[in-house]
Every structure is written in C-alpha cells, then in structure tokens.
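Below: the structure, in structure tokens.
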Ligand code: BV8
C-alpha cells in the first residue's frame with residue numbers, strides 16, 4: 001500500500017469537518033471473527049444467506065439458534081483490534097464522526113465507539129418471533145440459559161434481533177445512515193460491498209459530494225467508484241493513518 005495514498009487520505013481526514021465510516025466483517029477479522037465470504041465464513045457448509053433469513057428460522061429455529069449461539073460464543077472470546085480502536089478514537093475526537101456498521105458482533109461498542117449506527121442489529125439483542133409487542137431485550141449470557149430462548153413477555157419463541165436477508169433495515173437506522181452520507185469524507189472499511197442497502201451508501205455519499213475512500217484486503221465492486229482505494233489490512237492501515245493525523 002503506497003505511502004502517498006495514505007497521506008492523501010490522512011490529509012482529507014485532517015481537513016474534513018464531518019467524517020462518516022462504514023464497516024463490515026473485515027474490520028473484525030483481525031479479532032478472530034470469521035468474515036461472511038472469507039475462508040471460515042461457512043458454518044457446517046451453510047452459507048450465511050441460507051441461515052440468516054426468516055424462512056430458515058421458520059423452518060428450523062433450533063438450527064438457526066445453534067448457529068447464533070456458536071457465533072455468540074466465538075465473539076465472546078474475541079477482543080476489539082487496532083482497527084476498532086482507531087475508529088473509536090476518531091468517533092470521539094473528530095468534530096463530527098458517524099460510524100455505520102454492518103457487523104452484529106458489537107466489537108465497536110466494546111471499543112467505546114461514539115455515534116455508532118448498527119444497521120443490521122446485534123447478536124446480543126433478542127426479540128419476540130411472534131411479535132407479541134415486547135421490546136427487544138439484551139442477553140449477553142454464553143451459553144444462553146434456554147435453547148431456543150423464549151420471549152419473557154409471552155413465553156413464545158425468541159429470535160436474534162438482527163436484520164435477516166429479505167427483511168428491511170430499521171427505519172431510524174437507515175435514515176440516520178443516509179443522513180450521515182452528507183459528509184466531507186466517507187470511508188468504507190472491510191466490506192465486500194455486496195449486501196444492500198449498506199453497499200449503496202458510499203455511492204450516495206459520493207453523489208452528495210463527499211470524498212470517498214475504501215480500505216479493504218481485496219478489490220470490491222465499490223473500488224472503481226471511490227476516489228481512493230487502499231488495499232491492505234484495516235488493523236494495520238488505520239493505525240498508520242492515525243499516526244499521520246497526530247504527527
Ligand atoms: C432489504 C445480519 C428490503 C444477520 C446481515 C439490491 C441488489 C441486490 C440484492 C438486494 C438489493 N436490495 C436488497 C437485496 C437483497 C439483499 C442483498 O443485498 N443480498 C445480497 C447478498 C446480494 N439485501 C437484503 O435482504 C437487506 N434487506 O433489502 O430489505 C428488501 C427486502 C427484499 C427484497 C428487496 C428489498 C438486508 C441485508 C442485511 C442482511 N443481514 N447481517 C447476521 O449477521 O446474522 S448481512 C451480513 O452480511 C453482514 O451484516 C454484512 O452486511 C454482510 C457481509 O458483508 P461484509 O460485512 O462485507 O463481509 P464479507 O465477508 O462479505 O466481506 C468482508 C470483506 O473484508 C472482504 O472483502 C475481505 O476482503 C475484507 N477483509 C478481510 N479481512 C480484512 C478485510 N479488509 C480489511 N482488513 C482485513 N483484515
């Protein structure tokens with residue numbers, strides 16, 4: 001990754017009064033959380049798209065809960081990495097910095113990130129599958145007391161409070177993410193840019209006049225549509241840029 005590209009990005013961040021950062025599974029890779037499409041992205045030969053749907057849960061809630069319990073146990077043994085820490089620092093120190101994440105592992109939260117929008121929900125939140133009206137609730141116990149867990153209000157089946165394929169993103173989160181596209185610099189980090197509507201945000205930011213940059217281990221469908229594409233591991237490139245900002 002050439003230095004001058006990092007210097008250009010550092011300079012843009014230095015001059016920006018509003019910065020927005022979009023993250024995906026690649027930001028948590030260095031923490032040991034398997035990405036969706038990288039090696040290890042499969043669980044028992046199931047693709048994420050096969051299990052992360054309301055149809056799959058309707059067919060076999062026990063199987064889908066086993067997958068989420070496996071991911072909760074794995075994420076519980078992981079810690080935020082330098083990419084999370086730099087993003088958390090910037091979210092606190094930049095005048096206006098919004099962090100939009102597709103990740104449901106809440107490692108950004110554990111790193112102390114401010115102004116965080118979790119557009120796909122959280123592994124650690126549950127809600128009522130029967131939509132009895134109970135508010136979603138937090139449960140960080142590993143293992144879960146009951147499998148499958150039940151709704152504390154109606155006793156019916158509980159589901160992970162994440163956004164499944166085919167389900168719309170929560171309105172307030174999507175509105176806040178779109179609003180954050182009105183920024184000076186939009187940075188997309190560690191995402192394959194394949195899952196919509198999140199993958200459309202960088203193009204929306206560019207349409208609104210933002211300088212757009214991508215940091216990813218490999219090229220993505222977004223690489224040709226940003227002002228600056230930086231290839232490399234986020235857990236190394238972000239600290240490098242942070243050092244340039246402080247020096
Ligand atoms: C919806 C929560 C209304 C659950 C997730 C338009 C076009 C085409 C399709 C659609 C479209 N609009 C809607 C769709 C359908 C669908 C979709 O996008 N399908 C894709 C697969 C084509 N979208 C939806 O269903 C969305 N809902 O649109 O509702 C609607 C409904 C029906 C029909 C029309 C409209 C809901 C999408 C949300 C699904 N839920 N997660 C759970 O986690 O269990 S998505 C889930 O997968 C993640 O949250 C994340 O968003 C996505 C995985 O993507 P990434 O995070 O990017 O991870 P990935 O592994 O792919 O890539 C990692 C990258 O990191 C790689 O490029 C790798 O090189 C890089 N990397 C690795 N290590 C590092 C690194 N980079 C830097 N440093 C490193 N160290």
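Roughly what angle does helix 61-76 make with the longest principal axis of the chain, taking Cα atoms, 0 to 90 degrees, to the nearest 10? It works out to around 40 degrees. Quick note on region 1-99: its Rg to Rh ratio, both from C-alpha atoms and Rh being the Kirkwood radius, is 1.11.
A simple packing score, the average count of other Cβ atoms within 10 Å per residue, orders the peptides 143-150, 183-190 as 183-190, 143-150, with the highest score first. For the Cα atoms of the chain, what angle does the longest principal axis make with the long axis of helix 3-15, in degrees from 0 to 90, nearest 10? Computed tilt is about 80 degrees.
Based on other C-beta atoms within 10 Å, arrange 5, 131 from fewest to most.
131, 5
Hydrodynamic analysis of region 78-231 uses the Kirkwood radius over alpha carbon pairs. Inserted into Stokes-Einstein at 37 °C and 0.692 mPa s, it gives a translational diffusion coefficient of 193 µm²/s. Sorting the segments 135-141, 196-202 by their mean number of nearby beta carbons within 10 angstrom, highest to lowest, gives 196-202, 135-141. Remark: 203, 84, 108, 120 ranked as 203, 120, 108, 84, counting other beta-carbon atoms within 10 Å and listing the fewest first.
Entry note: region 164-247 has Rg to Rh equal to 1.00, where both radii use alpha-carbon atoms and Rh is the Kirkwood radius.
The angle between the Cα long axis of helix 82-93 and the main principal axis of the chain comes to about 70°, on a 0 to 90 degree scale. Packing, taken as the mean count of other beta carbons within 10 Å per residue, orders the peptides 10-22, 94-106 from highest to lowest as 94-106, 10-22. Helical content of the chain, expressed as a calculated mean residue ellipticity at 222 nm, amounts to -10000 deg cm²/dmol (DSSP H runs of 4 or more residues, -39,500 (n - 2.57) each, divided by residue number, nearest 500). In terms of overall dimensions, the C-alpha atoms belonging to region 68-163 reach 45, 28, 16 Å along their principal axes, ordered largest to smallest.
Taken together, the values in this text are just the output of simple stated rules run on the coordinates, not laboratory data. The structure displayed is predicted, hence computed values, not measured ones. As a convention, Cβ positions derive from the backbone with ideal geometry for all residues, glycine included, and neighbour counts pool all protein chains shown.
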